[in-house]
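What follows is a set of notes on a single structure, which appears directly below.
The values are calculated or read from the model by the stated rules, or taken from the named source; none is laboratory data. For clarity, every value in this text was computed on a predicted model and none was experimentally measured. Every residue, glycine among them, receives a Cβ derived from its backbone with ideal geometry; neighbour counts consider all protein chains shown. Only protein heavy atoms, including side chains, enter the accessible area calculation; ligands, DNA and RNA are left aside. Shrake-Rupley method; radii C 1.70, N 1.55, O 1.52, S 1.80 Å.
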Amino acid sequence: QVQLVESGGGSVQAGGSLKLSCAASGYTDNAYCMAWFRQVPGKERERVARIYSGDLSTYYIDSVKGRFTISQGNVKNTMYLQMDSLKPEDTAMYYCAAARATRASYCQYDEYLVDWGQGTQVTVSS
């Protein structure tokens, strides 16, 4: 079975930085989509960024462009979310999601991301 584990969350002042990690097991010898989502109580879940391991293509929501960077790790089946210039509105539980994929186009569909981690909390103070 595929397992995803997030780490790197914490508390930081506005303008600071954090780097989240997602380690996935079970994708050996397979291409995969990985994405970061975030959610706060009472609000809709939001997809922040995604990456495809086959070609390293990426996508970001407008609110984080220029501040967040998603990347493939040097260790296989690992990805990072570098978060710079953090704002209080970035405060949320951040989740890693992933799925095997033969084409990058599959990664645009939320319903395709069937494997999820437990989340890591990010808190940004004003």
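The criterion of being without any contact (Cβ under 8 Å) to a residue 40 or more places away in the chain and among the basic types (Lys, Arg) does not hold for Lys19.
Considering only residues that are over 17 Å from Trp116 (Cβ atoms) and in contact (Cβ under 8 Å) with a residue 24 or more places away in the chain, look in the range 22-39 and name the one that is least open to solvent (accessible area, probe 1.4 Å). Going through the qualifying residues, I end up with Ala31.
Among the residues of the range 34-51, are any part of a helix (DSSP H, G or I) and out of contact with any helix residue (DSSP H, G or I) (no Cβ under 9 Å at 6 or more places or on another chain)? Within the range 34-51, none of the residues are part of a helix (DSSP H, G or I) and out of contact with any helix residue (DSSP H, G or I) (no Cβ under 9 Å at 6 or more places or on another chain).
Number of residues in the range 6-18 that are exposed (fewer than 14 other Cβ atoms within 10 Å of the Cβ) and within 29 Å of Thr102 (Cα to Cα): the value is 1.
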